[in-house]
Each structure stands twice: as structure tokens, then as C-alpha cells.
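The values are calculated or read from the model by the stated rules, or taken from the named source; none is laboratory data. Given the structure is predicted, the values throughout are model-derived calculations rather than measurements. Please note: Cβ atoms are built from the backbone with ideal geometry, for glycine as well, and neighbour counts cover all protein chains shown. Just the protein is used for accessible areas: all its heavy atoms, side chains included, with ligands, DNA and RNA removed. Shrake-Rupley method; radii C 1.70, N 1.55, O 1.52, S 1.80 Å.
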Amino acid sequence: LSFMDSTIRSPEELASHNVHLLATIPVINHPSQPLTIDENAHLNDGPRFTPQRASHLDPRSSVAESYRSLRTTIQFSALDREIKTIAVTSSAPQEGKSTTSSNLAIVMAQMGKRTVIVDTDLRRPVLHSVFGIPREPGLTNVLFERATLEEGLKATDVPNLFLLPCGIIPPNP
């Protein structure tokens, strides 16, 4: 089993494969708040603490600093041109795509850049809940021409950060 295991378990192991490490993000834990997403957050007093909002809700934390470090590394990786699009993806669920993309978007917006985060997860969309915004209209509504981009794009409580939520979930994403 260990011979067939291709898991990379440390930064040093990653470097041995000639892969450049952009940043390391510590485990996100907030002692006073539950780490859950409240589906009805937009109906009450706003979203509760979630790992996806750690950079906004706890900006002096080591987690927020790690995301700022990732932002800086990304910016300096292309000095000759401005990076306008970043895709965050993985091959399996629960690997941190929403956490990484939302925290990275937050620190980009905090820098003063007008930032749009698009929730393209058509199987388990969560970003609308993270930011306390209704899921519809969103990306799929815009793609199916049932809404305009302006109708789907929503301002968040983070200055300069806008969200295009997933929208209606199609029968076979």
C-alpha cells in the first residue's frame, strides 16, 4: 500500500518533485464560534464564523496572514502582467476549495482590488451561505439566460468583494 500511495505529506516532499510551493495555510479553528455553515444565515443576523471567512472575521490571525502571503506570492509570480483570473479546483470534495477561494478573494478585496468570486460548484455550492446571500439568481441562471449578469452579481459585506452564486442547480451538473 505504501508503494502505491502517491500522497504528498510535507513541503519538503513537494519540493522533491520540483513543484513550487506558493504558501502553507494552517488549520483554521476559532475557539468561540462553531465551524459550520448556517444555510439560513441571510435570514437572521448574518453569517456565523466559518473557515471560509477567517480572513475577514479574524484579520490578525495567522490564517489571514497566510492568505495574504498567498496573495502576494500570486501577485509576484507574474510581474510582467496583471493576473485577472484564478481558478481553485481539486479532484475530490472537502479538500478546501471554497475555503481557499473565499479567503483569497477576501484578502484580494481588502487590498482594494474589485474582486468577483464565482461559485461554479454545481453539486455542493456553499459560497452563497458563507456570505449570507441567496443562491438565485446566479451563474446557471445567467448561463441559461434566465437572468442578467447584473442581476446575479451580489455585493458582500466585504468592501470590493462581489459574489456570483451558483444559481439553480441543474438536474445533471
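Inverting the pair-averaged 1/r between distinct Cα atoms of segment 128-173 gives 10.7 Å as its Kirkwood hydrodynamic radius.
As a rough guide to protection, the peptides 148-157, 115-124, 101-110, 51-60 ranked by mean Cβ packing within 10 Å, highest first, stand as 101-110, 51-60, 115-124, 148-157.
Helix 62-76 and the longest principal axis of the Cα set of the chain meet at an angle near 80°. To the nearest ten degrees, helix 97-110 and the longest principal axis of the Cα atoms of the chain are 80 degrees apart.
Computed over segment 49-100, the quotient of the alpha carbon radius of gyration and 2.2 N^0.38 Å is 1.30. Take segment 53-161 with all the other protein chains still there, run a 1.4 Å probe, and you get 58 Å² of accessible area per residue. Here the accessible area of segment 43-173 is 51 percent carbon and sulfur, with a 1.4 angstrom probe and all protein chains present.
When Rg and Dmax are taken over the Cα atoms of segment 73-169, they come to 13.7, 39 Å.
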